[in-house]
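J.: One structure is given below, represented as structure tokens, and several questions about it will come after.
Every read-out reported here was derived from the displayed coordinates using simple, explicitly stated rules and does not represent laboratory data. Worth saying up front: this structure is predicted, and the values here are computed from it rather than measured. Here Cβ is always computed from backbone atoms with ideal geometry, including for glycine, and neighbour counts include all displayed protein chains.
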């Protein structure tokens, strides 16, 4: 069996999340945020611009129904996506000696 891509992992996590848990997931992201970060990293490494990355992540979320009552979570996903994309862009421009850790929340 092949390993899931970051997009497939994000889709599976979101699909398994009951709507009553959307607010909690937005406030306590854990694995979900890490999966968004992984999708962003994969797409950015392939040279995708931020608008394509954001569209792809939002599409995953809406296809599994997050937009139906999960606007707070969808807003958080958008924030995580953009923050990670531009953190990676900044990191690629930083001198080798600088350390860059992912944004908190």
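J.: First check a/c for segment 6-92, with a ≥ b ≥ c the square roots of the eigenvalues of its C-alpha gyration tensor; if it is under 1.5, answer rounded, and if not, answer prolate when a/b is larger than b/c or oblate otherwise.
T.: prolate
J.: By how many degrees, 0 to 90 and rounded to 10, does the Cα axis of helix 71-93 deviate from the longest principal axis of the chain?
T.: Here the helix axis deviates by roughly 10 degrees.
J.: Turning to a different aspect of this structure: Between 11, 46, 72, find the one with the highest GNM mean-square fluctuation for the chain; connect C-alpha pairs within less than 10 Å.
T.: It is 46.
J.: Using a Gaussian network for the chain with springs between C-alpha atoms less than 10 Å apart, which of these wobbles most: 95, 18, 29?
T.: Of 95, 18, 29, the most mobile in the Gaussian network model is 95.
J.: Quickly work out the residue 91-to-residue 28 label distance, labels modelled 7 Å from Cα along the C-beta direction, and quote it in nm with one decimal.
T.: A separation of 2.6 nm, rounded to one decimal place.
J.: Angle check, please: helix 6-16 long axis (alpha carbons) against the longest principal axis of the chain (alpha carbons), in degrees 0 to 90, nearest 10.
T.: Roughly 30 degrees between the two axes.
J.: Which angle from 0 to 90°, rounded to the nearest 10, does the C-alpha axis of helix 50-63 make with the longest principal axis of the chain?
T.: Helix 50-63 sits roughly 20 degrees off the main axis of the chain.
J.: At 222 nm, what value in deg cm²/dmol follows for the chain if DSSP H runs of at least 4 each add -39500 (n - 2.57) and the sum is divided by all its residues, to the nearest 500?
T.: After summing the helix terms and dividing by the residues of the chain, the value is -21000 deg cm²/dmol.
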